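What follows is calculated from the coordinates using simple rules that are stated; it is not laboratory data. Note that the coordinates shown come from a computational prediction; the quantities given were computed from them, not determined experimentally. As a convention, Cβ positions derive from the backbone with ideal geometry for all residues, glycine included, and neighbour counts pool all protein chains shown.
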Amino acid sequence: MREAENARVFLLLLAARDLGEYLYAWGGETAEEGGFDCSGFVSEKLRLAARAYPLLYDGQRRTARGLFRYYYTHRGCREIREAGELRPGCIVFYRQPTAEIHHVAIHAMTVVDVALGGKVSPVGPVAFEAGGAGSKATSPRSALLSSAGVRLTATDYHGRGVEWVAVDPFTLLRGGAG
């Protein structure tokens, strides 16, 4: 159990280290490319953590959908759909209802709701992610220049109707995915 907890903290520290350091780069996998996209960021952090904890990840670069299939279908990690079941370091996937997964992030914490100006608003999972801030840029260069990069953001940032599902890859370090 201690190994799984140490690996969980290590992954979060790897993610936090890059917060605000890089711009968003669609298809980006490394800092040398100028930045990360969402799946490049998560894949790279998992790959680095797997150097110390090889059971955690096989090191392959995957899309957001590919990461979900890897953990859920191929490795047998169960889906997490309740915020109360999330643990820091879970991998959170986002999609529109009845649509394919389109975004991925590393879960940091859950904030159930927040009161702003007398109004209570749901927040949900808060995660480390790489995202382009909705940029509609027509070239990679302009997308880079107008992007948000690696940030810490909440589920409600992604808009109404966006659903999330998560997996906990650290169950693999405890000898089972259940």
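For M109, the residues whose modelled amide H falls within less than 5 Å of its own, excluding neighbours fewer than 5 places apart on the same chain, are V126. Near V123, the amide H atoms lying under 5 Å from its own belong to D113, V114; only residues 5 or more places off or on other chains count, and H is placed 1.01 Å from N.
Each 5 Å bin from 0 upward holds the following percent of the Cα-Cα pairs of the range 60-139: 3, 12, 18, 23, 20, 12, 7, 4, 1, 0.
Order of 114-121, 157-164 by packing, highest average Cβ count within 10 Å first?
On the way: 114-121: 8.4, 157-164: 14.1.
Most protected by this proxy first, the peptides run 157-164, 114-121.
Answer rounded, prolate or oblate for the chain, using the Cα gyration tensor with square roots of eigenvalues a ≥ b ≥ c: rounded when a/c is under 1.5, else prolate when a/b is larger than b/c, else oblate. Oblate, since a/c reaches 1.5 and b/c is not below a/b.
Counting pairs of alpha carbon atoms under 8 Å apart in space and at least six apart in sequence, what relative contact order in percent does the range 1-104 give? Can you show the working numbers first?
On the way: 115 pairs, mean separation 22.6, N = 104.
Reported relative contact order: 22 percent.
Each part gets one Cα centre, and for the range 65-106 versus the range 6-56 those centres are 17 Å apart. Model label sites at E85 and E163, defined 7 Å from Cα along the beta-carbon direction, differ in position by 1.4 nm. Annotation for V9 and A99: the two label points, set 7 Å from Cα along the Cα-Cβ direction, are 3.9 nm apart.
Given the peptides 73-79, 7-13, arrange them by the average over their residues of other C-beta atoms within 10 Å, most packed first.
Working: 73-79: 13.9, 7-13: 18.6.
Final packing ranking: 7-13, 73-79.
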